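Engineer: Can you read through this structure? Questions will come right after.
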């Protein structure tokens, strides 16, 4: 099994640009989570999906952030427009029912 | 709400020293408790877990016991190695299914083990 796959691994962009982060969960997992990691705030849950349906997006910082899960094998996190304070490492994780979460390697985003 | 508090780092130890990283939690009901480890440039990996009071999770020489009376889940290892250098996160998963089992993380404790 390839594990949770995230792309890109690194993204450098300029303020105001649209950024799309991608995640492929482990096959058979029915829950998917997006986290953000910064030095100041640590690991924060942004949103999670159960069976492709968004359950709780209260962690999404503001309307500039949106996430979709069009099918069981793909999810995106989009930031439009991006700002320097969005610079962070974004992790995707997935889990099967009643099991542990498996994390992807993360996307390091830098907004200049 | 649910929260996890873990000791501030960084922690610097010599090889073969004893390690303790403190973790306490606030939650309703009976959460599951976890320790995750993050090596440089990588995602988080589950190190160990405990799902009910008095359970002891263990893996790779690390141990942690679920103490409901003190709401704690301290991580210990008797003899650390240089390869244990990483950031360690304590986390909890609420006991009610409405949460979707999302994890609440502590801020992480950086461990550096020197030869």
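The values are calculated or read from the model by the stated rules, or taken from the named source; none is laboratory data. No experiment lies behind these values; they were computed from the predicted model shown. Virtual Cβ from ideal backbone geometry, glycine too; neighbours counted across all protein chains shown.
Here is a yes/no grid of residues against (1) free of Cβ contacts under 8 Å to residues at least 24 places away in the same chain; (2) surrounded by 15 or more Cβ atoms within 10 Å (Cβ to Cβ):
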residue	(1), (2)
B:8	no, no
B:21	no, yes
B:39	no, no
B:51	yes, yes
B:56	yes, no
B:61	yes, no
B:71	no, yes
B:75	no, yes
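Engineer: Exactly one of (1) surrounded by fewer than 21 Cβ atoms within 10 Å (Cβ to Cβ); (2) within 14 Å of chain A (Cβ to nearest Cβ) is unmet by residue B:89. Its number?
Structural biologist: (1)
Engineer: Restricting the search to segment A:90-112, which residues are surrounded by 20 or more Cβ atoms within 10 Å (Cβ to Cβ) and assigned to a strand (DSSP E or B)? Spell out how you get there, then give the answer.
Structural biologist: Initially, segment A:90-112 is screened for residues surrounded by 20 or more Cβ atoms within 10 Å (Cβ to Cβ), giving A:90-95, A:101-104, A:106-107, A:109, A:111.
Within segment A:90-112, A:90, A:91, A:92, A:93, A:94, A:95, A:102, A:103, A:107, A:109, A:111 meet the criteria.
Engineer: Continuing with this model, one more query. Would you list the strands (runs of 3 or more DSSP E) that sit entirely within segment A:1-86 and hold 3 or more residues that are within 25 Å of residue B:36 (Cβ to Cβ)? Before the answer, list the steps.
Structural biologist: Values: elements: A:5-7, A:10-13, A:19-24, A:31-38, A:42-50, A:53-56, A:65-71, A:74-79.
Counting at least 3 such residues, we get A:5-7, A:19-24, A:31-38, A:42-50, A:53-56, A:65-71, A:74-79.
Table: residues versus (1) under 11 Å from the mean Cα position of the chain (by Cα); (2) exposed (fewer than 14 other Cβ atoms within 10 Å of the Cβ); (3) away from every other protein chain (no Cβ under 14 Å); (4) over 21 Å from residue B:42 (Cα atoms).
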| residue | (1), (2), (3), (4) |
| --- | --- |
| A:2 | no, yes, no, no |
| A:8 | no, yes, yes, no |
| A:12 | no, yes, yes, no |
| A:15 | no, yes, yes, yes |
| A:26 | no, no, no, no |
| A:33 | yes, no, no, no |
| A:58 | no, yes, no, yes |
| A:65 | yes, no, yes, yes |
| A:71 | no, yes, yes, yes |
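Engineer: Consider residue B:9 against the criteria (1) more than 28 Å from residue A:5 (Cα to Cα); (2) within 14 Å of another protein chain (Cβ to nearest Cβ); (3) at pLDDT 90 or above: it satisfies all of them except one. Which criterion is unmet?
Structural biologist: That leaves (3) as the condition not met.
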